[in-house]
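Single-structure report; data block below.
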Amino acid sequence: MEATAILRTQSERAILRSREAVLRSRELVAKASATLAASEDIRRRFVQGELPTALLRSLEGSLGPLGAVSAAVMIASDGTPRGEIRVFGADGLERLDHLEFLVGEGPGTDICRGGRSALEPHLAEAVDRWPAYAPAALEAGAVAAFAFPLRCARRNMGALVLNMAKPGLLDARRFEGASDLANCCADRILKMQSLARPGELALGLEPLVGTNMRLQQGAGALSKELGILPADALALMRAYAWENAISIEDLVGLALTGGLGLDQF
Amino acid sequence: MTSSEAKQAIDPRQLLDLLSDFVGSLAAHPSAVESLQSVCERLVSFLDVRAIGVSHVEDGHLRLVAYTDARIPGQHQAEDEQRSGPDIEAVARVEALSIEDLNDGSAAERWPAYTRHALATGWRSMAHLPIFGTTHVSGVLSLYHDQTRRWVELNLAMARLIVELAELYGADWIEIQKHKDVSAQLQQALDSRVVIEQAKGILAQAYGISVTEAFERLRVHARSRNAKLQAVAEAVVNLGLRL
């Protein structure tokens, strides 16, 4: 075959491959369009006041297919978790709720700090990694924990946390399903926030941040009482909660009324 | 006027250079429109044409979004005013139209005003290729030459492919940019809320009031001084402001 004919054949093959790439890209864009159409539905429901439950519904629907007994979405800023919304697929797991906020560590917290993934198939073997979270989660009924990033423009804006009642790795299908769910949650959160006025948090996201914001109120009150920084006050509150096994609500209540008795620190 | 011999085959090395340039232009130009413009400029020399234009279908009209020659907007306007021309027809028929010689009478018969304008402006041959979006034709790529020209299908397919890739990149870029803006806004709103909640706790502790009353004091203070709530809260937390 002549050199020019070979070159032409090679070029044609390159074009065919590129054309296939475009077709694949089109499929991806078509999927994105479908997501956009779904977001319009979200917008309509937001106006009708139904939206705050949308994330919960997504999480609840995922528990069975992903084999999880509890799932949570966390949102973060400045590498710090700022809120969590959680669902349960079984009774007796309530102590998992906001556990990471109480102890200041865990799979979702690692992701919010910038981690790529936090996959612990046996929490009993993760005590070195999370000395407070792992025993508490085990006691609460979670034997394994997996967290996936909620990504936007290569940054983690939060995490999807799955807790399992049995030890073991996620299989490929569930891993992919969890990654898709994380992307879906990130998309929902951004769509909600896009409806907010600049500088304000979207109304639909309030249920996510409510508990953490009350924790911040308590930290503010304790910082005033002890003359320390709010961040240090938060650390003291966590230590107190850990020592006394109390809920965040009770902890904040005591902090606001000066009832923690931490002035000896 | 001399007839222009179009390239019969694409040199793989030249194709590699073009694709490298293409990727480079996408990286160098963050804005989707700038990327498209840059791609068009590179395609002019690759295809050995005089000019290139790209139009998008918007509200039943074609909107010119990138072009490499000052004569193209006028040509585009002539077509839009007459609602007749090869760009419109390529989109409507979802079919590539190439004209070897505008002067051979067939173009003038189909689009008389458009052809008159084109010849007066100095164009002699053209090709118009519909660009495919996700589910439909999203626009048209137009190639212009000032000599008669036999258009090579392979080269036209390559040009269309490159522009479609640029368009897909542009659509993704716009979506990502939108998400980035909202994400930054979310981060700022969360950071702002944290300091406001801490300030509420400090004031509640300082004056023995509820956090609701503390928030009201913050709000009233900010409003009376035309200050942002976050700024007042930061002063309470970091500077010891008491209200």
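The values are calculated or read from the model by the stated rules, or taken from the named source; none is laboratory data. Everything quoted here is computed from the prediction, not taken from an experiment. Cβ coordinates were reconstructed from backbone atoms using ideal geometry, including for glycine residues, and neighbour counts include every protein chain displayed.
Determine, yes or no, whether residue A:159 is at pLDDT 90 or above and not in a helix (DSSP H, G or I). First the steps, then the outcome.
Numbers: at pLDDT 90 or above: yes; not in a helix (DSSP H, G or I): yes.
Yes, satisfied.
Quick one: residue A:149 ticks every box in (1) touching a residue at least 60 places away in the same chain (Cβ under 8 Å); (2) part of a strand (DSSP E or B); (3) closer than 29 Å to residue A:199 by Cβ bar one, so which box is it?
If we test residue A:149 against (1) touching a residue at least 60 places away in the same chain (Cβ under 8 Å); (2) part of a strand (DSSP E or B); (3) closer than 29 Å to residue A:199 by Cβ, just (1) comes out false.
Is it the case that some residue within segment A:248-263 is more than 23 Å from residue A:97 (Cα to Cα), surrounded by fewer than 14 Cβ atoms within 10 Å (Cβ to Cβ) and in contact (Cβ under 8 Å) with a residue 24 or more places away in the chain?
yes
Name the residue, out of B:36, B:18, that is in a helix (DSSP H, G or I), more than 19 Å from the chain's Cα centre (by Cα) and surrounded by 14 or more Cβ atoms within 10 Å (Cβ to Cβ).
Working: B:36 fails: more than 19 Å from the chain's Cα centre (by Cα).
Residue meeting the stated conditions: B:18.
Could you please give the count of residues in segment A:74-92 that are at pLDDT 90 or above and assigned to a loop (DSSP other than H, G, I, E, B)?
Within segment A:74-92, residues that are at pLDDT 90 or above and assigned to a loop (DSSP other than H, G, I, E, B) number 2.
Looking at A:221, A:233, which is the one that is part of a helix (DSSP H, G or I), crowded, with 24+ Cβ neighbours inside 10 Å and facing chain B (nearest Cβ under 7 Å)? I'd like the intermediate steps shown before the answer.
Details: A:233 fails: facing chain B (nearest Cβ under 7 Å).
It is A:221.
In this structure, is residue A:160 farther than 18 Å from residue A:79 by Cα and buried (at least 22 other Cβ atoms within 10 Å of the Cβ)? Before the answer, list the steps.
Working: farther than 18 Å from residue A:79 by Cα: no; buried (at least 22 other Cβ atoms within 10 Å of the Cβ): yes.
Here the answer is no, as residue A:160 does not meet what is asked.
Out of B:202, B:162, report the one residue that is crowded, with 18+ Cβ neighbours inside 10 Å and at pLDDT below 95.
Working: B:202 fails: at pLDDT below 95.
Of the residues listed, the single one that is crowded, with 18+ Cβ neighbours inside 10 Å and at pLDDT below 95 is B:162.
Could you check segment A:167-201 and list, in sequence order, the residues that are more than 8 Å from chain B (Cβ to nearest Cβ) and among the small types (Gly, Ala, Ser)?
A:168, A:172, A:177, A:178, A:179, A:182, A:186
Report, by residue number, each residue of segment B:207-229 that is more than 7 Å from chain A (Cβ to nearest Cβ) and either in contact with a Gly (Cβ under 8 Å, 6 or more places away or on another chain) or of a type in the set (Lys, Arg) (or both).
Residues of segment B:207-229 more than 7 Å from chain A (Cβ to nearest Cβ): B:207-210, B:212-229.
Passing the criteria: B:214, B:217, B:219, B:223, B:225, B:228.
For residue B:223, indicate whether it is exposed (fewer than 15 other Cβ atoms within 10 Å of the Cβ), assigned to a helix (DSSP H, G or I), not assigned by TED's automatic domain parsing to the domain that holds residue B:45 and not polar (S, T, N, Q).
Yes.
Hey, among the residues in segment A:100-128 that are more than 17 Å from residue A:165 (Cβ to Cβ) and free of Cβ contacts under 8 Å to residues at least 12 places away in the same chain, which one's surrounded by the fewest Cβ atoms within 10 Å (Cβ to Cβ)?
A:128
Say whether the condition of being in a helix (DSSP H, G or I), facing chain A (nearest Cβ under 10 Å) and touching a Pro at 6+ places or on another chain (Cβ under 7 Å) is met by at least one residue in segment B:194-206.
First pass over segment B:194-206, keeping only residues in a helix (DSSP H, G or I): B:194-206.
Those still in the list that are facing chain A (nearest Cβ under 10 Å) too: B:194-206.
Remaining after also requiring touching a Pro at 6+ places or on another chain (Cβ under 7 Å): B:198.
Yes, there is a match, as at least one residue in segment B:194-206 is in a helix (DSSP H, G or I), facing chain A (nearest Cβ under 10 Å) and touching a Pro at 6+ places or on another chain (Cβ under 7 Å).
Look at residue B:96 and say whether it is within 13 Å of residue B:128 (Cα to Cα), touching a His at 6+ places or on another chain (Cβ under 8 Å) and not charged (D, E, K, R). Break it down stepwise before answering.
Numbers: within 13 Å of residue B:128 (Cα to Cα): yes; touching a His at 6+ places or on another chain (Cβ under 8 Å): yes; not charged (D, E, K, R): yes.
The answer is yes for residue B:96.
Could you list, in sequence order, the residues of segment A:49-73 that are touching a strand residue (DSSP E or B) at 6+ places or on another chain (Cβ under 8 Å) and not in a helix (DSSP H, G or I)?
Taking segment A:49-73 and keeping what is touching a strand residue (DSSP E or B) at 6+ places or on another chain (Cβ under 8 Å), we get A:55-56, A:59-60, A:62-63, A:66-73.
Those that are touching a strand residue (DSSP E or B) at 6+ places or on another chain (Cβ under 8 Å) and not in a helix (DSSP H, G or I): A:67, A:68, A:69, A:70, A:71, A:72, A:73.
Output the residues belonging to segment A:169-206 that are under 30 Å from residue B:205 (Cβ atoms) and surrounded by 16 or more Cβ atoms within 10 Å (Cβ to Cβ).
Scanning segment A:169-206 gives A:196, A:201, A:202, A:205.
Residue A:215 - would you say it is among the hydrophobic types (A, V, I, L, M, F, W, C), in a helix (DSSP H, G or I), out of contact with any helix residue (DSSP H, G or I) (no Cβ under 7 Å at 6 or more places or on another chain) and crowded, with 22+ Cβ neighbours inside 10 Å? Full working, then the answer.
Numbers: among the hydrophobic types (A, V, I, L, M, F, W, C): yes; in a helix (DSSP H, G or I): yes; out of contact with any helix residue (DSSP H, G or I) (no Cβ under 7 Å at 6 or more places or on another chain): no; crowded, with 22+ Cβ neighbours inside 10 Å: yes.
No: the conditions fail for residue A:215.
How many residues, within segment B:204-228, are more than 46 Å from the chain's Cα centre (by Cα) and of a type in the set (Phe, Trp, Tyr)? If you could, list the steps in order and put the result at the bottom.
Quick first cut of segment B:204-228, residues more than 46 Å from the chain's Cα centre (by Cα) only: B:204-214, B:216-217.
Subsequent filtering for residues that are of a type in the set (Phe, Trp, Tyr) retains B:207.
Qualifying residue count for the region: 1.
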